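The values are calculated or read from the model by the stated rules, or taken from the named source; none is laboratory data. Note that the coordinates shown come from a computational prediction; the quantities given were computed from them, not determined experimentally. Don't worry about glycine lacking a Cβ; one is built from the backbone with ideal geometry, like all the others, and counts go over all protein chains shown. Ligands, DNA and RNA are stripped out before the accessible areas are found, and what is left, the full protein with its side chains, is counted by its heavy atoms. Shrake-Rupley method; radii C 1.70, N 1.55, O 1.52, S 1.80 Å.
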Protein chains: 6
Amino acid sequence: MNDEILSTGNKVLKRFFNLDTQSYQDGALSARVKEMLGLVASLVLRCDDCIRYHLGKCHALGVTREEIDEILAIGNLVGGSICIPHTRRAVEYWVALEEYEQKKDEN
Amino acid sequence: MNDEILSTGNKVLKRFFNLDTQSYQDGALSARVKEMLGLVASLVLRCDDCIRYHLGKCHALGVTREEIDEILAIGNLVGGSICIPHTRRAVEYWVALEEYEQKKDEN
Amino acid sequence: MNDEILSTGNKVLKRFFNLDTQSYQDGALSARVKEMLGLVASLVLRCDDCIRYHLGKCHALGVTREEIDEILAIGNLVGGSICIPHTRRAVEYWVALEEYEQKKDEN
Amino acid sequence: MNDEILSTGNKVLKRFFNLDTQSYQDGALSARVKEMLGLVASLVLRCDDCIRYHLGKCHALGVTREEIDEILAIGNLVGGSICIPHTRRAVEYWVALEEYEQKKDEN
Amino acid sequence: MNDEILSTGNKVLKRFFNLDTQSYQDGALSARVKEMLGLVASLVLRCDDCIRYHLGKCHALGVTREEIDEILAIGNLVGGSICIPHTRRAVEYWVALEEYEQKKDEN
Amino acid sequence: MNDEILSTGNKVLKRFFNLDTQSYQDGALSARVKEMLGLVASLVLRCDDCIRYHLGKCHALGVTREEIDEILAIGNLVGGSICIPHTRRAVEYWVALEEYEQKKDEN
């Protein structure tokens, strides 16, 4: 999805995208906690694409629905009811991720 | 600090403040992780008072400087260089918290 | 629409949604004025879903097109031309609400 | 306070400042309601100077403490706990406005 | 597109839209530089409609892809990775503008 | 000013600060235009520290008061009247920069 952008030859953009990826790798904090941080930051800044990206990573790293709900709760409290439409879409996406996983397990 | 506001008799505001406090209590996620979430959300929304509040809580719950730096790094990547002045003040506050703690230990 | 979220068992989220609803009920200020406040807040924070929600409430409570235009004007002045696309969609939605009402009256 | 800016000769800025003033004048909505709209918009966008400006106008137009509290409640619900520090300062400023008024009345 | 809004008779809105247009005209700074300013402001405030509008203007005024990439780079650095989805859509739109131009030239 | 932060050993933060600096260097666009872009982005995101930083750079690169006013005008139109307090402080800072320069020239 970022191929078009990365094809541009602009070094600052390329390094920025790389750095963004690096910041979520295991370190003093686990990648799992870092993806949670990315999720709540994306929610309070209200970016659906970013929310979905971090939900996908959280799901892959074994974050549970109860944990997701607590992250969404903090995001809503900090960021306000303006986050509710994004929260609704986040939950719908999470449910879809879980259903997809369940179907794969059944096959 | 919230006494003046809480003295107003407005029930919605009171319940909102209570709810905000509840959202950071131990649950599926630990209070420690939740304070980290509050910190990164405050950083990307650029609220110095909120950042200091969560830094204080993080410090009390044993979050290390290395962990704080990784949270600040994610906040800066997600929220951009507009967060740098807040990051600088956050680090200064954290250093002050550590120095205060160290002096207490020496006495 | 919030059924999926409300089905989660997360108490903080549930209470937050309830509190959000409570804050728009008649009090020292009428529900009518409060929905106007919700509308302008949603416009400057640029949330189309929230704008539509409050436009629907305003319409049901008898707010006129002239009043809506003055709210949109304040929102644009405070929030800037970045609000123009949301303003355009808000006006389109309001016109649709009025046409729907008119058709109902004709039948 | 805007004298320095207005001295610049930039017509767009001058017209913008004039337009901003015009948008709060009596129309389909009263100046009183419009200042409330300006207040809640300033709160959710978290601008202390703007909040104080509209609190001053609201006070001059006879808005009561109970009404202010309901506006602040809506602002906090829509904009989130990130608005709490601004809410605290808003209440402190309002209390100061009321005390100043009371002293004038006593003299 | 703004016809519906402009049909409303609200003078503040009309003047605001006019003023917005005026602010991008040649002056001490060229319209070309001003459209770049409008583009980066739209990117950090994350408004896709506004970004596309200014990309169209930039394209018509001869801004090159290399210049666009540097504007996008600054926008991403200042505004953070939350701007990445908007950056991707901006690049896609720019590529479409260039392809459209090329086809016109070939005919 | 960033010494404390840079002393931390966090590589992502260090690289991010370096990248931020790189993005304003001469390229397809001049450093002068890039600082203007940084200024308008800082204004619409309402960060006084960032605004002052870019005003200082603009001043050093020979941007004139008329050009600054046009940048501020675009920032106010895009970002709204919520930017007015920041605009006032920006103008005050610019006047101070010019007075300081004039005094140096007189000595």
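Quick one: count up the residues across region B:72-105 that are small (Gly, Ala, Ser), open to solvent by less than 20 Å² (accessible area, probe 1.4 Å) and over 17 Å from F:ASN18 (Cβ atoms).
Adding up the residues that qualify gives 3.
Examine region C:13-29 for a residue that is over 24 Å from D:ILE68 (Cα atoms) and either open to solvent by less than 20 Å² (accessible area, probe 1.4 Å) or at pLDDT below 95 (or both), and state whether such a residue exists.
First pass over region C:13-29, keeping only residues over 24 Å from D:ILE68 (Cα atoms): C:13-14.
After this cut, where a residue has to be either open to solvent by less than 20 Å² (accessible area, probe 1.4 Å) or at pLDDT below 95 (or both) as well, the list is C:13-14.
Within region C:13-29, one or more residues are over 24 Å from D:ILE68 (Cα atoms) and either open to solvent by less than 20 Å² (accessible area, probe 1.4 Å) or at pLDDT below 95 (or both).
What pairs come out if I take residues in region B:55-71 that are open to solvent by 50 Å² or more (accessible area, probe 1.4 Å) and pair them with residues that are in a helix (DSSP H, G or I) whose C-beta lies under 7 Å away, six or more apart or interchain?
B:LYS57/B:GLU35; B:LEU61/B:ALA31; B:LEU61/B:ARG32; B:LEU61/B:GLU35
Any idea which of (1) over 11 Å from the mean Cα position of the chain (by Cα); (2) at pLDDT 95 or above; (3) within 30 Å of C:GLY9 (Cα to Cα) is the one B:LYS57 doesn't satisfy?
In the conditions (1) over 11 Å from the mean Cα position of the chain (by Cα); (2) at pLDDT 95 or above; (3) within 30 Å of C:GLY9 (Cα to Cα), B:LYS57 misses (1) alone.
Are any of the residues in region F:38-54 over 14 Å from the mean Cα position of the chain (by Cα) and either open to solvent by 20 Å² or more (accessible area, probe 1.4 Å) or free of Cβ contacts under 8 Å to residues at least 12 places away in the same chain (or both)?
Within region F:38-54, not a single residue is over 14 Å from the mean Cα position of the chain (by Cα) and either open to solvent by 20 Å² or more (accessible area, probe 1.4 Å) or free of Cβ contacts under 8 Å to residues at least 12 places away in the same chain (or both).
Of everything in region E:73-84, what is closer than 16 Å to F:LEU45 by Cβ and either hydroxyl-bearing (Ser, Thr, Tyr) or out of contact with any Cys (no Cβ under 7 Å at 6 or more places or on another chain) (or both)? Give them in sequence order. Explain how you work it out, then say what you get.
If we filter region E:73-84 for residues that are closer than 16 Å to F:LEU45 by Cβ, which is where we start, we get E:74-83.
Selection gives E:ILE74, E:LEU77, E:VAL78, E:GLY79, E:GLY80, E:SER81, E:CYS83.
Name the residues in region F:76-104 that are closer than 11 Å to D:LEU13 by Cβ and within 14 Å of the chain's Cα centre (by Cα), would you?
Selection gives F:THR87, F:VAL91.
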